[in-house]
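See below for the structure under consideration.
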Amino acid sequence: MRQELTLHGNHALLARANPLSKFVAVLLITAVLALSIDWVSASVALVFELFLFPLAGLTLSLLWQRGWPLIVAAAIGGWSTSILAPDSGRILLDAGIWTMSQGSLQLGIGFLLRGFAIALPAVLLMSCTDPTDLADALAQKARLPHRFVLGTLAAMRLVGLMAEEWQTIGMARRARGVGSRGNLAQRVKATLGQSFGLLVQAIRRASRLAVTMEARGFGGGKRTWARASTFSVLDLWVVAGGVLVAALALVAAVTAGTWNMVWLGS
Amino acid sequence: MVPSQDAGGAVRPAAVSARGWGWRHAGRSRPAVHALDLDIAPGERVLLLGPSGAGKSTLLHALAGVLGDINDDGESGDADESGSLLVDGAVPRAQRGRAGLMQQDPETQVVLSRVGDDVAFGAENLAVPRDAIWARVHEALADVGLAHLPLDHPTSALSGGQKQRLALAGILAMRPGLILLDEPTANLDPDGVLEVRDAVARCLDKTGATLVVVEHRVSVWKDLVDRIVVLQPGSSSESAVLLDGPPDRVLREARTMLAAAGVWVPGYVPATRTRDLVPAPGTGNLLLAAEQLAVSRERPRRKGFRRIPPVPVQDGVAAQVRAGQALAVTGPNGAGKSTFALTLAGLLEPVSGKVSASLDLSQGAGIDPYKWKAEQLISRVGTVFQEPEHQFVTGKVLDELLFGPRHLGHGEERVDELLERLRLTHVVDANPYTLSGGEKRRLSVATVLAASPQVLVLDEPTFGQDANTWAELASFLSELLDAGTAVVSVTHDAEFTAALGGVELRMAAAEVVAP
């Protein structure tokens with residue numbers, strides 16, 4: 001699992017851009033989409049994002065492997081919106097307390113597309129960005145405090161370890177007679193116990209890692225960077241691309257009359 | 001990024017001086033170290049010995065300047081320091097990078113996810129100029145024998161021994177005058193131990209840095225150090241240093257005392273109970289059998305509607321587990337020994353092939369141990385994991401032991417005997433997590449045995465154990481074997497295998513891993 005998250009062998013164009021510019025571009029697109037629930041701005045952004053796939057070295061199957069939780073969440077969000085939102089227009093489906101009308105379906109589709117359109121850039125960013133490079137850019141270019149950035153980066157490496165640890169603890173507890181099978185209540189109880197075991201191990205590991213980092217001089221004031229985080233012409237294009245997609249989505253929605261600011265209600 | 005470029009900062013060996021130094025950890029009543037007087041000259045190489053609780057790790061942490069719960073004001077909680085401990089005449093905490101520390105657990109000695117970045121980390125923190133950092137990185141990787149790895153090689157793909165060598169490279173890149181090793185090889189297999197020891201020797205010969213190493217296994221470090229210091233647990237009346245001198249003299253004078261304290265002095269194999277009779281291979285009731293077994297820790301993946309089995313780490317394994325017989329699973333790291341044992345023990349699902357329980361063992365629970373319910377499993381096959389803490393499920397030693405019997409509804413009467421036999425009576429009310437390493441190991445064995453399984457599976461039971469716990473464990477298992485329990489142990493420990501007798505299942509390396 002940890003191997004899947006590294007970029008080893010991804011030589012796509014966007015992998016060479018500075019993580020910070022990619023981050024800014026993603027932020028711009030996400031911001032516009034977060035403002036309005038409508039299907040026009042979402043689909044415009046989505047179409048552009050799909051074109052960016054090959055540039056990030058991503059394929060549909062890779063997308064599903066890495067982003068399936070986000071995609072499932074968007075689908076569930078869309079479905080529940082379309083049946084639960086206040087009805088307007090013609091009723092399309094009536095199943096007792098659940099009804100789906102033209103208006104609610106439109107809202108639901110908007111929600112679904114928006115979910116996809118917001119999830120995709122994040123998956124795109126992570127699939128062509130090494131976390132270490134992102135940390136370098138955030139600390140050197142965005143001037144975030146290096147203690148915070150590098151501490152988070154080191155902690156993230158432990159997350160992968162914890163996934164292995166979870167499996168081991170599960171087996172170790174079964175060997176003690178704690179079943180992870182059985183009815184719901186038993187499973188919940190077993191999972192809670194296992195989580196506690198994991199928490200203890202996570203704290204142990206984290207404190208040892210903290211000692212390691214401190215012993216390597218981490219936490220002092222002045223620090224140099226072995227890897228310089230640099231901008232190139234490519235980064236101009238990346239940010240410009242972000243601005244363009246965000247602007248086109250906005251203009252398209254306003255022109256089509258579907259622009260629908262979230263906090264203004266409908 | 002030219003390796004030949006001057007990386008600056010030649011190593012200046014550090015001097016250590018302790019005068020009446022003592023330390024009490026926050027929240028403890030007894031000091032970890034008391035009244036320590038010790039001088040270490042620049043370039044000296046010292047092996048620190050002593051029973052657990054003598055404060056060896058505390059001293060190393062103090063020398064590394066990372067001791068105590070330091071809050072933001074730079075004050076150390078309610079911990080207590082007395083006397084003075086100086087490196088080159090100054091407080092260690094004020095001299096970042098003067099000392100480098102390596103700890104036991106390889107996973108937490110790695111900070112970043114790419115090899116080159118990880119080595120550079122310390123030098124960056126010391127504000128070394130960029131070009132000099134990369135020159136130091138190349139040099140350090142060459143010194144520890146990892147120069148063949150590309151700088152962007154993922155650190156997660158390294159073996160335990162490689163991770164420890166990487167940590168050493170990270171330390172060397174800081175150009176420290178004092179290298180501190182806290183049981184650096186306790187979690188490694190024999191090859192890994194030598195790998196790390198030799199890398200340390202090379203680097204010391206080259207830089208001339210001062211070395212302080214804490215380690216149970218004296219034979220590994222004896223020829224590399226020029227002095228052994230034996231510490232004793234803190235008391236107000238005696239000095240913290242029990243013995244101090246050249247390795248040969250200290251080992252001659254204190255051999256018996258050190259052996260009694262559980263130190264692995266060279267050439268010493270603790271006496272263990274001999275088995276009444278080691279049964280001939282192939283005799284004894286068949287309890288478990290593995291046929292054409294392929295094993296992996298990964299679960300099958302799903303692609304659409306297809307189920308893709310994981311790539312097995314070991315394939316075509318056959319083995320028989322018989323009552324009263326010891327089966328030792330041996331082989332190099334990464335060969336899938338533990339994975340095999342866990343599959344045999346009904347904890348992992350076989351990739352292909354099968355594990356079958358005989359009627360004597362299954363007693364109506366079905367033929368496949370993986371399909372047994374947890375409470376069916378523990379009364380038939382007990383598994384002791386490498387890390388005892390993974391198996392603790394309660395907050396008290398006594399509850400821990402009663403846990404299995406209570407679930408099964410019988411066997412509580414066995415608990416007292418186990419407590420007595422494994423010397424845990426003095427800690428019955430303690431929290432399992434607070435026990436010493438040896439006590440944790442004994443407890444984890446006792447808890448599994450409390451459910452009276454007919455097959456006992458142990459994963460590296462002797463890793464990092466002192467000689468006393470080792471001998472107790474070997475003797476206890478030989479008793480169990482004579483009483484008809486089958487014992488399967490995954491181990492690198494040839495002496496342990498010999499003490500139990502029985503059959504050896506040697507596994508070849510599954511794939512070629514870069515050295």
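Every number here is computed from the coordinates shown, using simple stated rules; none is lab data. Keep in mind that what you see is a predicted model, and the values were worked out from it rather than measured. We place every Cβ from the backbone using ideal geometry, glycine too, and count neighbours over all the protein chains shown.
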Q: Obtain the nm distance between the two label points defined at B:A280 and A:W79 by a simple spin-label model: each point lies 7 Å from its Cα along the Cα-to-C-beta direction.
A: 6.6
Q | Rg/Rg_globular for chain A, with Rg_globular taken as 2.2 N^0.38 Å and Rg from C-alpha atoms | A | 1.24
Q.
Can you give me the Rg/Rh ratio for the range A:143-215, using Cα atoms for both radii and the Kirkwood formula for Rh?
A. 1.14
Q. Once amide H atoms are placed 1.01 Å from N in the peptide plane, what residues at a sequence separation of 5 or more from B:S296, or on another chain, have their amide H within under 5 Å of its amide H?
A. B:V313, B:V351
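Taking only the alpha-carbon atoms of the range B:5-162, what semi-axes of the equivalent ellipsoid follow from 5 times the gyration tensor eigenvalues under a square root, in whole Å, largest first? Let's see the in-between values first.
Details: eigenvalues 203, 67, 51 Å².
Three semi-axes, in Å: 32, 18, 16.
Counting only DSSP beta bridges with both residues in the protein assembly as shown, what percent are antiparallel, rounded to the nearest 5?
Details: 38 of 73 bridges.
About 50 percent, rounded to the nearest 5.
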**Q.** Where the Cα pairs of the range A:1-106 fall when distances are cut into 10 Å bins, in %
**A.** 12, 32, 30, 16, 9, 1
Q | Cβ neighbours within 10 Å from other chains - mean over B:371-378 | A | 4
Q) In chain B, what percentage of the DSSP-assigned beta bridges are antiparallel, given to the nearest 5? A) 50
**Q.** Under 5 Å, built H, 5+ apart or other chain: amide partners of B:L287
**A.** B:V321, B:R322, B:A323
Q: Starting from the alpha-carbon convex hull of the range B:446-515, give the projected area averaged over all orientations, in nm².
A: 6.1
Q. Of the trypsin sites (Lys or Arg not before Pro) in the range A:70-154, which ones lie in a loop per DSSP and count no more than 11 other C-beta atoms within 10 Å?
A. A:R90, A:R143
Q: For chain B, just list the percent of Cα-Cα distances falling in each 20 Å bin from zero outward, please.
A: 20, 49, 28, 2
(Q) Test of understanding: in a Gaussian network model of chain A with alpha carbons linked when under 10 Å, which of A:F148, A:F51, A:F196 would top the mean-square fluctuation ranking? (A) A:F196
Q.
I'd like to know which of B:A14, A:A31, A:A175 lies farthest towards the positive end of the charge dipole of the protein assembly as shown, counting +1 on Cβ of Lys and Arg and -1 on Cβ of Asp and Glu.
A. A:A31
Q.
Ignoring solvent entirely, what values of log10 I(q)/I(0) come out of the Debye formula for the range B:74-178 at 0.13, 0.17 Å⁻¹ when each Cα is a single scatterer?
A. -0.52, -0.79
Q | Gaussian network model of chain A, springs between alpha carbon atoms under 10 Å - residue of A:L184, A:L199, A:L105 with greatest fluctuation | A | A:L184
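Could you tell me which of rounded, prolate or oblate describes the range A:50-202, using a ≥ b ≥ c as the square roots of the eigenvalues of the alpha-carbon gyration tensor, with rounded for a/c under 1.5 and, failing that, prolate when a/b is larger than b/c and oblate otherwise?
On the way: a/c = 2.56, a/b = 1.22, b/c = 2.10.
Oblate.
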**Q.** Evaluated at q = 0.18, 0.32 Å⁻¹: base-10 log I(q)/I(0), Debye formula over Cα of the range B:90-143
**A.** -0.70, -1.26
Q. Which values, in whole Å and largest first, are the semi-axes of the equivalent ellipsoid of the range B:162-231 obtained as the square root of 5 times each eigenvalue of the Cα gyration tensor?
A. 17, 16, 11
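With N residues in the range B:16-260, what two-decimal value do you get for its Cα radius of gyration over 2.2 N^0.38 Å?
On the way: Rg = 18.0 Å, N = 245, 2.2 N^0.38 = 17.8 Å.
Ratio of Rg to 2.2 N^0.38 Å for the range B:16-260: 1.01.
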Q: Can you check what the Kirkwood hydrodynamic radius comes to for the range A:123-266, Cα pairs only, in Å to one decimal?
A: 20.1
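As an exercise, take the mean of 1/r over every pair of distinct alpha carbons in the range B:290-354, invert it, and state the Kirkwood radius in angstroms. Can you show the working numbers first?
Numbers: mean 1/r = 0.0793 Å⁻¹.
For the range B:290-354, the Kirkwood estimate is 12.6 Å.
DSSP loop trypsin sites (Lys or Arg not before Pro) in the range B:403-454 with at most 16 other Cβ atoms within 10 Å of their Cβ, which ones?
Values: sites: B:R406, B:R414, B:R421, B:R423, B:K440, B:R441, B:R442; in loops: B:R423.
For trypsin sites (Lys or Arg not before Pro) across the range B:403-454 that sit outside H, G, I, E and B with at most 16 neighbouring Cβ atoms in 10 Å, the list reads B:R423.
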**Q.** Spatial extent of the protein assembly as shown: Rg and Dmax, with the Cα atoms as the point set, Å
**A.** 29.9, 97
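When the helix-only estimate is applied to chain B (DSSP H runs of n ≥ 4, each -39,500 (n - 2.57), divided by the residue count), what is the mean residue ellipticity at 222 nm, nearest 500 deg cm²/dmol? Mind dumping the intermediate values first?
Numbers: 15 runs with 156 residues, N = 515.
Calculated at 222 nm, the ellipticity per residue is -9000 deg cm²/dmol.
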(Q) Using a Gaussian network model on chain A with a 10 Å cutoff between Cα atoms, which of A:A249, A:A15, A:A210 fluctuates the most? (A) A:A210
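Kirkwood hydrodynamic radius, the range B:234-322, all distinct C-alpha pairs: what's the number in Å? Mind dumping the intermediate values first?
Values: mean 1/r = 0.0506 Å⁻¹.
Over the range B:234-322, the inverse of the mean reciprocal pair distance is 19.8 Å.
Take every DSSP beta bridge whose two residues both sit in the range B:16-260, then give the antiparallel share in percent to the nearest 5.
On the way: 19 of 36 bridges.
In the range B:16-260, DSSP labels about 55 percent of beta bridges as antiparallel.
Please report, in whole Å³, the volume per residue of the convex hull around the C-alpha atoms of the range A:192-266. Let's see the in-between values first.
Details: hull volume 19.1 nm³, N = 75.
It is 255 Å³ per residue.
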Q.
Need one number: nm distance between label points at B:D131 and B:A10, each 7 Å from Cα along Cα→Cβ, rounded to one decimal.
A. 2.1
Q) Given the C-alpha centroids of the range A:235-260 and the range B:448-512, what is the distance between them in whole angstrom? A) 66
Q. Structure shown: which of A:K189/B:K396; B:K163/B:K337; A:K189/B:K373 lie over 22 Å apart, alpha-carbon to alpha-carbon?
A. none
**Q.** Equivalent-ellipsoid semi-axes of the range B:237-395, from the Cα gyration tensor, Å, largest first
**A.** 42, 22, 17
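Taking a ≥ b ≥ c as the square roots of the eigenvalues of the Cα gyration tensor of the range B:224-267, is the shape rounded (a/c under 1.5), prolate (a/b larger than b/c) or oblate? Each step should come with its number before you reach the end.
Working: a/c = 2.35, a/b = 1.46, b/c = 1.61.
Because a/c hits 1.5 or more and a/b fails to exceed b/c, the range B:224-267 counts as oblate.
Starting from the Kirkwood radius over alpha-carbon pairs of the range B:262-314, derive D by Stokes-Einstein at 10 °C in a medium of 1.306 mPa s and give it in µm² s⁻¹. Walk me through the numbers on the way to the answer.
On the way: Rh = 16.9 Å.
Rounded to a whole number, D works out at 94 µm²/s.
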**Q.** Pairs of Cα atoms farther than 22 Å apart, the range B:348-451, %
**A.** 35
